[in-house]
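The next block holds one structure in the form of structure tokens; read it before the comments.
The values are calculated or read from the model by the stated rules, or taken from the named source; none is laboratory data. Being a predicted model, the structure only gives us computed values, none of them experimental. Because the Cβ atoms are built from the backbone with ideal geometry, glycine has one as well, and the counts that use them run over all protein chains shown.
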Amino acid sequence: MINFDKVINRKNTNCIKWDIDKEDVIPMWVADMDFEAPEPIVEILKKKIEHKVYGYGLIPKEYYEAEIEWWEKKFIYKIEKEWISPTIGVIPAISAVIQSFSNAGDNIILLSPVYSHFIEIIENNDRNVIYSELEYEDKYEINYVDFEKKIIQNEVKIFILCNPHNPIGQIWSKEELEKLVKICERNEVLILSDEIHRDIVYSPYKHIPLISLGEEAQGISITFTAPSKTFNLAGLKVANIITVNENLKKIIDKKLLANEINQPNIFGIEALIKAYTECDAWLNELLDYLKNNIDFTLDYINKNIPQIKVLAPEATYLMWFDCQNVKMSSKSLAKYLLKKYKLRVNYGDIYGQGGEGYIRFNIACPKETLIKSLELFKIAIENIENEE
Ligand SMILES: Cc1ncc(COP(=O)(O)O)c(C=O)c1O
């Protein structure tokens with residue numbers, strides 16, 4: 001049994017989650033976990049460190065085999081070695097792909113609210129964000145009419161799909177993905193499918209890789225994967241781009257080479273191999289622990305903080321709190337939580353249209369930390385009236 005209850009002091013380790021604040025703040029924001037990485041990964045990294053020579057790396061065949069094996073085992077789908085382009089991270093890779101397949105001033109569409117870095121890299125590359133806002137009733141739904149209308153009106157070139165979707169914690173079904181592919185196909189829109197959260201999915205839900213839909217999807221899409229969210233390795237800088245379409249792949253590989261981002265970090269290479277070949281049992285235990293934290297949070301909030309509505313995530317360790325009954329903007333609420341209660345969360349408007357009124361809460365931490373954070377949140381919401 002892995003002891004996910006173990007509280008690890010991450011303060012003063014130069015980690016963004018805990019060290020961004022000088023004083024003691026409980027960080028429930030950025031998407032990394034307060035858990036140790038699986039033992040086989042730690043062991044191989046120790047061995048690499050002990051070697052004491054940290055020169056340029058080479059990607060061995062075991063690296064490709066590990067990614068292929070994981071797809072087969074987890075998603076019952078066989079990918080080819082020739083489709084894989086190793087790289088240093090999903091966001092740098094998406095940025096490079098944006099540069100390859102669009103020009104400054106072009107329009108890129110997102111289903112919002114969505115992961116804030118998509119918005120940032122689009123804007124930092126001088127492209128424009130077009131939002132098609134998801135509609136919420138009991139769960140979030142895609143408005144296909146709006147999505148296609150915005151594509152046509154704005155001559156959209158690229159769609160970045162978050163599959164599973166951060167911050168709302170939903171997976172996309174086969175039918176939903178098929179409809180999106182049809183619309184993109186008939187309007188010549190390239191789909192970038194970010195599948196970094198593919199492994200953090202709770203039973204009975206299942207992640208569906210976009211390329212598993214078949215030839216049509218394969219022809220117009222590029223997929224991004226990484227072991228970083230799943231095994232808590234974000235600092236190791238390793239990810240893969242999977243491209244079935246040979247013509248697209250050639251262009252991507254040239255761009256990766258031009259920017260010298262075609263070599264993952266030497267420690268990342270070793271970690272990916274171990275993660276995808278020896279850490280399946282660890283992942284199963286992790287999912288149980290996370291699910292327990294999610295259920296605990298749902299129960300706690302429903303019983304103690306009736307002003308807040310919480311969605312039960314199907315995927316990811318990120319929870320999306322509906323704070324629209326709180327008479328404060330989500331940005332002010334986040335500032336208030338940080339300043340008065342030493343609790344850091346992400347406020348909704350950074351996730352684009354549809355984000356206002358919500359906050360994102362990362363529950364990937366030991367239960368003790370989770371309980372402390374929820375207790376602080378409860379008192380903060382109770383006392384909010386006095387703030388007005
Ligand atoms: C949807 C999504 N894509 C990408 C990333 C970051 O990827 P990387 O660290 O490999 O750039 C995150 C991190 O939270 C994410 O949620």
Could you please tell me which pairs satisfy a Cβ distance under 8 Å, a separation of 6+ or placement on different chains, a first residue in the stretch 50-74 that is of a type in the set (A, V, I, L, M, F, W, C), and a second residue that is surrounded by fewer than 18 Cβ atoms within 10 Å (Cβ to Cβ)? A66/T277; I68/K78; I68/E80; I68/K81; W71/Y77; W71/K78
Do we find a residue being surrounded by 23 or more Cβ atoms within 10 Å (Cβ to Cβ) and more than 16 Å from the ligand (Cβ to nearest atom) anywhere in the stretch 158-171? no
Tabulated pairs, the stretch 86-104, first more than 24 Å from Y64 (Cβ to Cβ), second away from the ligand (no atom under 11 Å from the Cβ) and assigned to a helix (DSSP H, G or I), C-beta under 9 angstrom, 6+ apart or interchain: I98/I122; Q99/K255; F101/L248; F101/I251; F101/I252
Looking at L290, L256, L286, which one is in the same structural domain as A93 (by TED's automatic domain parsing), modelled with pLDDT of 95 or more and either aromatic (F, W, Y) or buried (at least 20 other Cβ atoms within 10 Å of the Cβ) (or both)? L256
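Rundown of residues vs (1) within 25 Å of A234 (Cβ to Cβ); (2) buried (at least 16 other Cβ atoms within 10 Å of the Cβ), yes/no style:
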{"position": "K61", "(1), (2)": "no, no"}
{"position": "Y64", "(1), (2)": "yes, yes"}
{"position": "E67", "(1), (2)": "yes, yes"}
{"position": "K74", "(1), (2)": "yes, yes"}
{"position": "E82", "(1), (2)": "no, no"}
{"position": "T87", "(1), (2)": "yes, yes"}
{"position": "V90", "(1), (2)": "yes, yes"}
{"position": "S95", "(1), (2)": "yes, yes"}
{"position": "F101", "(1), (2)": "no, yes"}
Give S132, S95, S85 a once-over and let me know the one that is within 16 Å of the ligand (Cβ to nearest atom), modelled with pLDDT of 95 or more, of a type outside the set (A, V, I, L, M) and in a strand (DSSP E or B). S85
Is it true that V244 is away from the ligand (no atom under 16 Å from the Cβ) and closer than 21 Å to A66 by Cα? yes
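Table: residues versus (1) in contact (Cβ under 8 Å) with a residue 24 or more places away in the chain; (2) surrounded by 21 or more Cβ atoms within 10 Å (Cβ to Cβ); (3) not aromatic (F, W, Y).
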{"residue": "E133", "(1), (2), (3)": "yes, no, yes"}
{"residue": "E141", "(1), (2), (3)": "no, no, yes"}
{"residue": "V181", "(1), (2), (3)": "yes, yes, yes"}
{"residue": "P204", "(1), (2), (3)": "no, no, yes"}
Determine if the stretch 23-35 includes at least one residue that is within 16 Å of the ligand (Cβ to nearest atom) and assigned by TED's automatic domain parsing to the domain that holds K206. no
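Do we have I41 as in contact (Cβ under 8 Å) with a residue 60 or more places away in the chain, within 16 Å of the ligand (Cβ to nearest atom) and part of a helix (DSSP H, G or I) here? Write out each step before concluding.
Working: in contact (Cβ under 8 Å) with a residue 60 or more places away in the chain: yes; within 16 Å of the ligand (Cβ to nearest atom): no; part of a helix (DSSP H, G or I): yes.
No, not satisfied.
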